[in-house]
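Reading through the structure tokens given below for one structure.
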Amino acid sequence: YCKVNGRNGKLFYSKKMNQTYNDLILLEGELRRAISKEELTLYYQPKIDVVTGEIIGMEALTRWFHPERGDIPPQKFIALAEETGLIIQLGEWVIKEACRQQKQWKEAGYKQQRVAINVSALEIQRNDFTEKVRRILHETDMPPECLDLEITENSVMQNTEECIKTMNELRAMGITLSIDDFGTGYSSFGYLRKFPINHLKIDQSFIRDAYTEPSNAEIVKAMIQLAHTFGVKVVAEGVEEREALEFLRNQKCDYYQGYYYSRPVPAIEFEDMLVRG
Ligand code: C2E
Ligand code: MG
Ligand code: MG
Ligand code: MG
């Protein structure tokens with residue numbers, strides 16, 4: 001490990017990131033520039049109703065097309081943004097950009113859809129998070145009912161009480177809350193009861209072989225049933241094949257996302273999907 005004194009105090013980079021320290025410092029500067037120069041773009045992936053096949057919303061996923069390095073995967077630059085604290089600026093850009101796009105679609109006459117945004121632990125733990133979201137919604141003239149915030153279970157496991165308070169404030173505003181990547185963290189069904197959430201997103205690792213791997217199938221079934229007893233809707237991530245969708249339909253899963261319907265696409269291509277219905 002090598003230790004650095006960064007802007008936000010001590011930062012630790014592990015060798016397994018497979019990057020030299022100098023590369024990371026360089027990339028940090030470039031990410032800072034990318035956020036301010038708006039080199040980032042949002043792609044959108046539809047969320048589909050399992051029964052009707054209709055688009056019920058979308059998830060915004062950030063893309064960074066670096067002018068020299070090419071496409072940098074989110075796993076890499078989100079991790080970097082989290083380690084350097086840049087995630088605060090990045091997250092703010094994401095919410096603003098998603099709201100701006102929704103407003104544009106609304107003005108162009110498209111049916112208003114709910115947009116989901118991924119929120120990092122660092123963002124939700126800041127005590128100004130609720131106010132920031134409220135201000136952006138106000139500035140962009142976006143109804144809170146059209147915003148969905150996806151939070152991973154590990155994020156809410158840190159400072160749980162504080163997080164629940166923030167989540168209650170967001171819910172009171174009319175915002176939808178989703179737990180992302182469910183099943184991959186310190187999952188505890190007890191938290192389903194504790195957290196004021198609307199949607200549970202089952203991680204794609206369970207969905208991918210849910211219809212070939214009996215143990216995964218049982219886990220998915222149990223997750224869906226339990227979520228439903230708490231009045232929580234279930235979204236399956238990573239649906240790539242028709243068989244997976246059929247399995248989910250039999251299990252009364254509510255919504256799904258995945259390459260089977262569509263990959264995340266640029267806004268202009270998402271428009272085509274909205275037109276086609
Ligand atoms: P996530 O929020 O769980 O998003 C789902 C990921 O699965 C996306 O990867 C999406 O492209 C991919 N995916 C969707 N359907 C399928 C499928 O059928 N098969 C497979 N194999 N993959 C599928 P992506 O866009 O590379 O994003 C990776 C992760 O990076 C996201 O996972 C999220 O945790 C994070 N991320 C992306 N954008 C943002 C952002 O703006 N803010 C924050 N905090 N995190 C972000
Ligand atoms: Mg997500
Ligand atoms: Mg996920
Ligand atoms: Mg994820």
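The values are calculated or read from the model by the stated rules, or taken from the named source; none is laboratory data. Quantities reported herein were computed from a predicted structural model and do not represent experimental measurements. Cβ: placed from backbone, ideal geometry, glycine included. Neighbour counts: every protein chain shown. Ligands, DNA and RNA are stripped out before the accessible areas are found, and what is left, the full protein with its side chains, is counted by its heavy atoms. Shrake-Rupley method; radii C 1.70, N 1.55, O 1.52, S 1.80 Å.
A few comments on the model shown:
- Filtered residues of the stretch 79-93 (kept if open to solvent by less than 70 Å² (accessible area, probe 1.4 Å), more than 16 Å from ligand 4 (Cβ to nearest atom) and under 16 Å from Leu42 (Cβ atoms)): Glu92, Trp93
- Some residue of the stretch 146-168 being closer than 22 Å to Ala60 by Cβ, exposed (fewer than 14 other Cβ atoms within 10 Å of the Cβ) and at pLDDT 90 or above: no
- Pairs with Cβ under 8 Å, 6+ apart, first in the stretch 114-127 and more than 15 Å from Asp181 (Cβ to Cβ) and away from ligand 3 (no atom under 14 Å from the Cβ), second open to solvent by less than 20 Å² (accessible area, probe 1.4 Å) and of a type in the set (Asp, Glu): Arg114/Asp148; Val115/Glu59; Val115/Asp148
- Check on Phe206, without any contact (Cβ under 8 Å) to a residue 24 or more places away in the chain, surrounded by 21 or more Cβ atoms within 10 Å (Cβ to Cβ) and more than 21 Å from Ile95 (Cα to Cα): yes
- Residues of the stretch 43-62 satisfying the condition of being at negative phi, open to solvent by 10 Å² or more (accessible area, probe 1.4 Å) and more than 16 Å from ligand 3 (Cβ to nearest atom): Asp49, Val51, Thr52, Glu54, Ile55, Ile56
- A single entry from Lys111, Lys96 fulfils the requirement of being open to solvent by 10 Å² or more (accessible area, probe 1.4 Å), basic (Lys, Arg) and more than 12 Å from ligand 1 (Cβ to nearest atom): Lys111.
- Criterion (hydrophobic (A, V, I, L, M, F, W, C) and more than 16 Å from the chain's Cα centre (by Cα)) met by exactly one of Val232, Val265: Val232
- Test for Gln89: is it more than 10 Å from ligand 1 (Cβ to nearest atom) and assigned to a helix (DSSP H, G or I): yes
- Among residues that are open to solvent by 70 Å² or more (accessible area, probe 1.4 Å) and out of contact with any Gly (no Cβ under 6 Å at 6 or more places or on another chain), Phe195 is not included.
- Residues of the stretch 150-166 that turn out to be aliphatic (A, V, I, L, M), within 16 Å of ligand 2 (Cβ to nearest atom) and in a helix (DSSP H, G or I), as a count: 1
- Tally, over the stretch 173-209, of residues that are among the small types (Gly, Ala, Ser), more than 18 Å from Val119 (Cα to Cα) and away from ligand 3 (no atom under 15 Å from the Cβ): 2
- Condition met for Asn250 (open to solvent by less than 30 Å² (accessible area, probe 1.4 Å), more than 26 Å from Gln104 (Cβ to Cβ) and more than 16 Å from ligand 2 (Cβ to nearest atom)): no
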